[in-house]
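*Asks:* Please read through the structure below; I'll follow up with questions.
Each value in this text was obtained by applying a stated rule to the coordinates, not by laboratory testing. In this text, all values refer to a predicted model and were calculated from it rather than measured experimentally. Quick reminder, even Gly has a Cβ in these numbers, built from the backbone with ideal geometry, and neighbours come from all protein chains shown.
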Amino acid sequence: MKKIIIPFFLLIIVFLSGCIQQETRKEIVCNKPYIRVGTECCLDQNDNNICDTDEQQTTTTISSIENGITCSPCFAYFLYMDYKSGILTIRNGNYDIEAISTNVGMLSKTTANPNDYITITGLSKTGNIDIVITYITVESGLSHTDSATINNQVFSILSASCSQSGETIIIVISNDEKNKNLNTIDNVVTIPDLLWEVEEEKVTFSCNPSTIKPYESAICSYTADTPYSEPIEVKITSSSASLSQTIYC
């Protein structure tokens, strides 16, 4: 009799356990735009069966390098799209947001729907730009900030010196290391396109080679009519960067 009773009780326990699990599953109901993941619900506004939080983490890994300009560190919520001549284009994430503001430049809009494009104009065309964007998520009412640094500079001065006689300036410039894996025409520094100034006077430097691909360098020189005897300032300007170097002759 005992042998029959013990299995019977085990069957009852297993049956009750299954019922409890089924009741637990029935209790978890996720209404659109939410989907169920395990024992929780998560937001899925674009109805692709992927939690928006997971999807946003994926989209932010898209390359943030356009036309030789880098966004590094780049935004965590907004998606970097393009930057050129002081104009930055980003895309909103997966939430309706409002009260958008920035510490630099002018915004094209102060409210945005998911995946809307937002433009920031009036940014500096030289140096590195630290951008901080503040916004409020409509659904939660919470305020957030997102930040990035736009790196304008696409070339650098490796060395600068004068000849022993003092009238020739020799400068070695380099296409920035950050572009070394980007061998497209957009990332080539064309020497003739650079504007050279010595003590605020526009001059012409002779460079070899005349173009430098990422991670390459060129030797440039200029010979004056008379030797330089005091420290002089050389300024090099491109469409996206401006560098200066003091040389002691």
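*Asks:* Under the 0.36 nm per residue contour assumption, what length would be gained going from the current alpha-carbon distance of ASP96 and VAL138 to full extension?
*Replies:* Once the chain is fully extended between ASP96 and VAL138, it gains 14.6 nm.
*Asks:* Within 13 Å, Cβ to Cβ, of SER108, how many net charges do the neighbouring residues add up to if Lys/Arg are +1 and Asp/Glu are -1?
*Replies:* Counting the neighbours of SER108, the net charge comes to +1.
*Asks:* Ok, one more. Give me the extension gain from ILE28 to SER165: residue separation times 0.36 nm, minus the current Cα-Cα distance, reported in nm with one decimal.
*Replies:* Length gained, ILE28 through SER165: 40.9 nm.
*Asks:* What's the ranking of 91-103, 134-146 by average number of surrounding C-beta atoms within 10 Å, highest first?
*Replies:* Descending mean neighbour count gives 91-103, 134-146.
*Asks:* ASP225 to SER156: FRET efficiency via 1/(1 + (r/R0)^6), r the Cβ-Cβ distance, R0 30 Å, to the nearest 0.05? Each step should come with its number before you reach the end.
*Replies:* Details: r = 29 Å, r/R0 = 0.97.
My answer for the efficiency is 0.55.
*Asks:* Size of the dipole of the range 60-151 about the Cα centre, Lys and Arg at +1 and Asp and Glu at -1 on the beta carbon, nothing else charged, in debye to 20? Mind dumping the intermediate values first?
*Replies:* Values: 4 positive and 8 negative charges, 59 e Å.
So the dipole magnitude of the range 60-151 works out to roughly 280 debye.
*Asks:* Positive end of the charge dipole of the range 60-151 (Lys, Arg +1 and Asp, Glu -1 on Cβ, about the Cα centre): tell me which of SER85, ALA99, VAL138 has its Cα farthest that way.
*Replies:* SER85
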